[in-house]
1. Modelled label-to-label distance, residue 42 and residue 78, 7 Å Cα→beta-carbon offset: nm?
2. Taking 41 Å as R0, compute the FRET efficiency from the Cβ-Cβ separation of residue 174 and residue 120 and round it to 0.05.
3. Cα centroid distance between segment 53-72 and segment 33-51, in Å?
4. Working out 0.36 nm times the residue gap between residue 165 and residue 113, then minus their Cα-Cα distance, what length gain in nm do you get to one decimal?
5. Decide, for segment 1-87, between rounded, prolate and oblate: order the square roots of the alpha carbon gyration tensor eigenvalues as a ≥ b ≥ c, take rounded if a/c falls under 1.5, and otherwise choose prolate if a/b is larger than b/c, else oblate.
6. Sort segment 7-160 into rounded, prolate or oblate with this rule: let a ≥ b ≥ c be the square roots of the eigenvalues of the Cα gyration tensor; rounded if a/c is under 1.5, and if a/c is not under 1.5, prolate when a/b is larger than b/c, oblate otherwise.
7. Multiply the residue gap between residue 140 and residue 59 by 0.36 nm, knock off their C-alpha separation, and tell me the result in nm, one decimal place.
8. Per 0.36 nm of contour for each residue apart, how much would the distance between residue 182 and residue 8 grow if the chain were fully extended, relative to their Cα-Cα spacing?
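Please treat every number below as a calculation from the coordinates, not as lab data. What you see is a predicted model, and the numbers here were worked out from it, not measured in a lab. When we count neighbours, we look across all protein chains shown, and the Cβ atoms used for this are built from the backbone with ideal geometry, even at glycine.
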Ligand SMILES: [Mn+2]
């Protein structure tokens, strides 16, 4: 069973990226991550143009919470919940929001910055903020300005539990993004891999417009190249087929 879900949606108004990691290891986790991603995408791109992108992202994340609660109620999967990390990129502007312990990183030159702060509880792997919370949610929202060469990485804890930040940085900056995501997922699998691993990696690249003498590098539009890898750990699959197979 794979309880991780991701989104890469490219529209003229911008690109929306997200990772959701269903909580609890039960069918409710899968239901929650799916409902969260779907609602996030619909609501973010349907938001009024009057809203700032940061406000639109926060509102879409609150709507994702409502959607998970609704789906949980309809299906009888009470307590269905999921993490949610999302990045809305337009030009050189990146707005990042999170609930839970799925993360966003910015890798620039030789540095790696953890954009998000985990909402972790006192027990191992427990989280204090998540979609599916009947008390409502308050996502953290961060605004970053991208420069050409930046790489933006979203991932579930299946990666970060096994691969430290410095190692993530080394892999991400030493190779093209397709090889980088595969290396990261391989590392996480070698070191445990009892959880789903989802990695979404973007490269911000300058896109030259038509010849325009007044166009400096800082005015160049940034284009994103995106690669996604999801790994479902073998142990998790076996466990799911044994323990969670449900009769039709
Ligand atoms: Mn996980």
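1. Using points 7 Å along Cα→Cβ, the separation is 2.5 nm.
2. On the way: r = 29 Å, r/R0 = 0.71.
For residue 174 and residue 120, the calculated efficiency is 0.90.
3. So the separation of the two Cα centres works out to 7 Å.
4. Working: separation 52, 0.36 × 52 = 18.72 nm, distance 0.86 nm.
In short, 17.9 nm is gained.
5. Details: a/c = 2.71, a/b = 1.78, b/c = 1.52.
Prolate is the answer for segment 1-87, as a/c is 1.5 or above and a/b outweighs b/c.
6. Working: a/c = 2.09, a/b = 1.33, b/c = 1.58.
In terms of gyration-tensor shape, oblate.
7. Working: separation 81, 0.36 × 81 = 29.16 nm, distance 1.15 nm.
So the chain would gain 28.0 nm between residue 140 and residue 59.
8. Details: separation 174, 0.36 × 174 = 62.64 nm, distance 1.76 nm.
Residue separation times 0.36 nm, minus the Cα-Cα distance, leaves 60.9 nm.
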